[in-house]
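Coordinate-derived values only; no laboratory data. What you see is a predicted model, and the numbers here were worked out from it, not measured in a lab. Positions of Cβ are generated from backbone atoms using ideal geometry, with glycine treated the same way; all protein chains shown enter the neighbour counts.
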Amino acid sequence: MSYVKNVAIVGANGTVGTFITDALLKTGKHTITALTRSTSGNFPFGVKLATIDYDKPETIVSALKDQQVLIITMGVGAPPEQQLKLIDAAADAGVPYVMPNDWGYDVSRDDMYKESFFHLQSKTARAHIEERGVSSWISLVCGFWYEFSLGQGTETFGIDSSKKEAILFDGGNTQMDTSTLSYVGKTVAALLSLPEKKADAAATTSGGKGGSLEQFKNNYVRVAEFSVTQREMLDSVQRVSGTTDKDWKISHETTRERYAHASGEVMKGNYALFVTAMYSRVWFPDGSPVYHDKGLHDELLGLQKEELDVASKRAVDRGRVGYNSH
């Protein structure tokens, strides 16, 4: 059985990249190379480092020589041309697979793509990979990261555990598909541990129904650790914090009004409301927060889901220490 072994990652010590890198290392199947502009950061033991310069594309091509997968994890504020330079370098180096900077909601939804102020370059990146005709893209749809978002305060999931304040959107009963950061890491590790070829997958499973990496070429992997309403999130937070509604200040807003105000401010240059606009749009009670209707791959990848309260406890802890980085 043949699976990909050489994996390069941009953002190996970043918010989601750390979890992806750790999960890949734990498989013992992969050699991980971190592409970085500086080697002074904290990188997990066992990761090779390759210094790159975005103004010198040849350094990226050199770093990607003999790599089979390029994983791109970058902050929302990263210059979009950087991803395109990475894609070009991957093509020049002959890298078969690229996982672009898609680590959230369903970017195949054109309406959300246009309105959410998030991954605005996503479609451009995927199209560029196809135009180069060397690499294939695989995008991960995992929802907004559960404990990361829940620990940020009311601007994301409407819940601030440190202040005991909650804003219920449209009554709080809209269902959302979401996953923790560790689940995202495990998803990537399980995906890249699949047999690369369909024939190998068929030969190793009864009925020939096993998954393969190549079946996801120029396609989406969709996973959801939780499918949960905002009210259920609040109930979970209250359970792990030993509180009830009487201990909280609970108010109500409609997501469409919330989005209209925040997005209007962003369009005027007030980026302080960027996160509010982005999350408000995804919370619309029109099916936007869910993607499981398109089919999930959790079972195929053999993923084990965490208990909701365990993840909520981590979010409460994050809120307690005031972690507000996006």
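Here are the numbers:
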read-out: Long-range HN-HN contacts of Ile71 with modeled amide H, under 5 Å; value: Ala8, Ile9, Val10, Met99
read-out: Cα centroid separation, the stretch 254-293 to the stretch 109-163 (Å); value: 13
read-out: Charge dipole magnitude, Cβ of K and R +1, D and E -1 - the stretch 24-166, Cα centre, debye nearest 20; value: 480
read-out: Greater than 20 Å apart at Cα, pairs in Lys26/Lys294; Lys85/Lys197; Lys5/Lys26; value: Lys26/Lys294; Lys85/Lys197
read-out: Dipole of the chain, positive direction: furthest Cα of Val95, Thr31, Leu300, with charges on the beta-carbon; value: Thr31
read-out: Residue order, fewest to most beta carbons within 10 Å, for Met74, Met267; value: Met267, Met74
read-out: Coil-residue chymotrypsin sites (Phe, Trp or Tyr not before Pro) of the stretch 259-296, DSSP, other Cβ within 10 Å capped at 11; value: none
read-out: Net dipole in debye of the stretch 254-326 [+1 Lys, Arg Cβ; -1 Asp, Glu Cβ; about Cα centre; nearest 20]; value: 360
read-out: Cα gyration tensor shape for the stretch 212-326, rounded if a/c is under 1.5, else prolate or oblate; value: oblate
read-out: Under 17 Å from Lys164, Cα to Cα: lysines that are on another chain or at least 8 residues apart; value: Lys246, Lys249, Lys313
read-out: Dipole magnitude of the stretch 14-94, debye to nearest 20 (Cβ charges: Lys/Arg +1, Asp/Glu -1, about Cα centre); value: 320
read-out: Estimated distance in nm for a label pair at Glu299 and Ser162, the labels positioned 7 Å out from Cα along Cα-to-Cβ; value: 4.1
read-out: Angstrom value of the Kirkwood radius, inverse mean 1/r, which spans all Cα pairs in the stretch 31-158; value: 15.8
read-out: Label-point gap, in nm, between Thr31 and Thr244 - each point 7 angstrom along Cα→Cβ; value: 6.1
read-out: Cβ crowding within 10 Å averaged over residues, with 304-316, 184-196, 154-166 ranked highest first; value: 184-196, 154-166, 304-316
read-out: Residues of type aspartates and glutamates that Lys29 reaches as a straight line, Cα spacing below 14 Å, ignoring anything fewer than 8 places off in the same chain; value: Glu196
read-out: FRET efficiency estimate (nearest 0.05) - Cβ-Cβ, Thr39 to Asn173, R0 56 angstrom; value: 0.70
read-out: Angle in degrees between helix 230-241 and the longest Cα principal axis of the chain, rounded to the nearest 10; value: 80
read-out: Largest-first principal axis extents of the Cα set of the stretch 151-276 (Å); value: 57, 42, 21
read-out: Rg over Rh [alpha-carbon atoms, Kirkwood Rh] for the chain; value: 0.97
